[in-house]
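Some notes on the structure that comes next.
The values are calculated or read from the model by the stated rules, or taken from the named source; none is laboratory data. None of these values were measured; they are calculated from a predicted model. A quick note on method: Cβ atoms are made from the backbone with ideal geometry, for glycine too, and the neighbour counts reach across all protein chains shown. These area figures cover heavy atoms from the full protein model, side chains too; ligands, DNA and RNA do not enter into them. Shrake-Rupley method; radii C 1.70, N 1.55, O 1.52, S 1.80 Å.
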Amino acid sequence: MITQKLIDTARTLVAGDKGLLAMDESNPTCNKRFAKLGIPQTVEARRAYRELIVTTPNLGECISGVILYDETIRQQKKDGTPFVKVITDAGIIPGIKVDTGAKDLAGHPGEKITEGLDGLRERLAEYSQMGARFAKWRAVIAIGDGIPSRGCIEANAQALARYAALCQEAGLVPVVEPEVLMDGGHPLERCSEVTEQVLRTVFNQLYTQRVMLEGMILKPNMVLPGLTCPQQETVDEVADATVSCLMRSVPAAVPGITFLSGGQSAELATERLNAMNVRFKSRLPWELTFSFARAIQQPALEIWQGKEAHVLVAQEALHHRARCNLAARRGAYNAAMETT
Ligand code: 13P
């Protein structure tokens, strides 16, 4: 029963050329983004912003699932309607971020381990009761001098696998997110090498922890040159490197791969996703789509600025990015869409 439910949910999340919208910023991260724009860092401002997102008209045409944060899954619209109901009524599947953040990994300067396994079984049961049907856990891998270390990759991969197994036990589809960061001056080849090593280790651990691959989603980074690397490859080169890396390391039983945006500009993230689908869609064993936070939300957040009068225009900007990414998923995005 649970097995079929997991498979159905995972497939639905990546069906119909749609993708995921991550709106699961922790309070500190959300506050940081608000502070940059002079928006008050209050519970009410965060609630109002999340209301703006989930009430965006026709969001369900492009978005199959949204990832919420603990504070948000418990919140309501101003009129008292719970966000989970608003989301479900829009034909979108509610999900929840369940890790409790990345902390310094002991003995490994410059590296992080994601926490949140203690008490996770109980938290998953509560979220499931509240209507969540999938979950997310993000591990962070930095590239630098002598890092990532084996110790960091293995510890994070094992935590991801234990989280994924607990999710499946609770009937929630795990979105497994090992993020290789784009910070640094490393070349694309180095990102490719590290991403492949990380993904191979993650899938070994998922196998060891008996995670059913048909009932999960992988949320990786794209294979990119470091942000400050002088050589920045073309969109097509990034698409080729990313797909080759994934083909080598992600089993065909996984129904879908949903990229994080990781700090790429909204348009570049869309262009790169589009190029992957243009060049490879008919040959891929899994669906290739998006689970962006910043690359969908940022333009809308900048327009909103915490002002009620800006809500409608901000919602249009959010819907526009969602539509562009839906097109990218079909390999049908082009720059002209940005000016219409
Ligand atoms: P970005 O798309 O902003 O990288 O966020 C995705 C996400 O969910 C990070 O955990």
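Brief remarks on what is shown
- Strands (runs of 3 or more DSSP E) within the stretch 44-142 that include 3 or more residues crowded, with 17+ Cβ neighbours inside 10 Å: 63-68, 93-97, 112-114, 134-141
- Residues that are more than 22 Å from Asp89 (Cβ to Cβ) and out of contact with any strand residue (DSSP E or B) (no Cβ under 9 Å at 6 or more places or on another chain), drawn from the stretch 127-145: Gly144, Asp145
- Residue within the stretch 249-262 that is among the small types (Gly, Ala, Ser) and under 20 Å from Glu302 (Cβ atoms) present: yes
- Test for Ile93: is it within 16 Å of the ligand (Cβ to nearest atom), farther than 21 Å from Ala293 by Cβ and of a type in the set (A, V, I, L, M): no
- For the stretch 264-310, the candidate set comprises residues that are within 16 Å of the ligand (Cβ to nearest atom) and outside any helix (DSSP H, G or I); within that set, the residue that is farthest from Lys32 (Cα to Cα) is Leu288.
- Among the residues making up the stretch 19-43, those that are within 16 Å of the ligand (Cβ to nearest atom) and part of a loop (DSSP other than H, G, I, E, B) are Met23, Asp24, Glu25, Ser26, Leu37.
- You will find that of Ala157, Ala161, Ala165, the residue that is part of a helix (DSSP H, G or I) and either surrounded by fewer than 22 Cβ atoms within 10 Å (Cβ to Cβ) or free of Cβ contacts under 8 Å to residues at least 24 places away in the same chain (or both) is Ala165 and no other.
- Qualifying residue in the stretch 309-326 (condition: of a type in the set (S, T, N, Q) and surrounded by fewer than 14 Cβ atoms within 10 Å (Cβ to Cβ)): no
- Considering the stretch 228-248, the residues that are under 18 Å from Glu287 (Cβ atoms) and open to solvent by less than 10 Å² (accessible area, probe 1.4 Å) include one that is nearest to the ligand (Cβ to nearest atom), namely Thr242.
- With respect to the conditions (1) in a loop (DSSP other than H, G, I, E, B); (2) in contact with a Leu (Cβ under 7 Å, 6 or more places away or on another chain), Gln315 lacks only one, and its number is (1).
- Taken together, Pro225, Pro255 contain a single residue that is modelled with pLDDT of 95 or more, out of contact with any strand residue (DSSP E or B) (no Cβ under 8 Å at 6 or more places or on another chain) and away from the ligand (no atom under 16 Å from the Cβ), which is Pro225.
- Hey, Leu213 surrounded by fewer than 21 Cβ atoms within 10 Å (Cβ to Cβ), touching a residue at least 24 places away in the same chain (Cβ under 8 Å) and hydrophobic (A, V, I, L, M, F, W, C) or not: yes
- Considering the conditions (1) under 20 Å from Asp236 (Cα atoms); (2) touching a Lys or Arg at 6+ places or on another chain (Cβ under 8 Å), Ala300 is excluded by exactly one of them, (1).
- The residues in the stretch 244-263 that are closer than 24 Å to Ala142 by Cβ, in contact with a Phe, Trp or Tyr (Cβ under 9 Å, 6 or more places away or on another chain) and in a helix (DSSP H, G or I) can be counted, and the count is 2.
- Of the residues making up the stretch 173-200, those that are open to solvent by less than 10 Å² (accessible area, probe 1.4 Å) and without any contact (Cβ under 8 Å) to a residue 60 or more places away in the chain number 9.
- Test for Glu271: is it within 17 Å of Asn325 (Cα to Cα) and touching a residue at least 24 places away in the same chain (Cβ under 8 Å): yes
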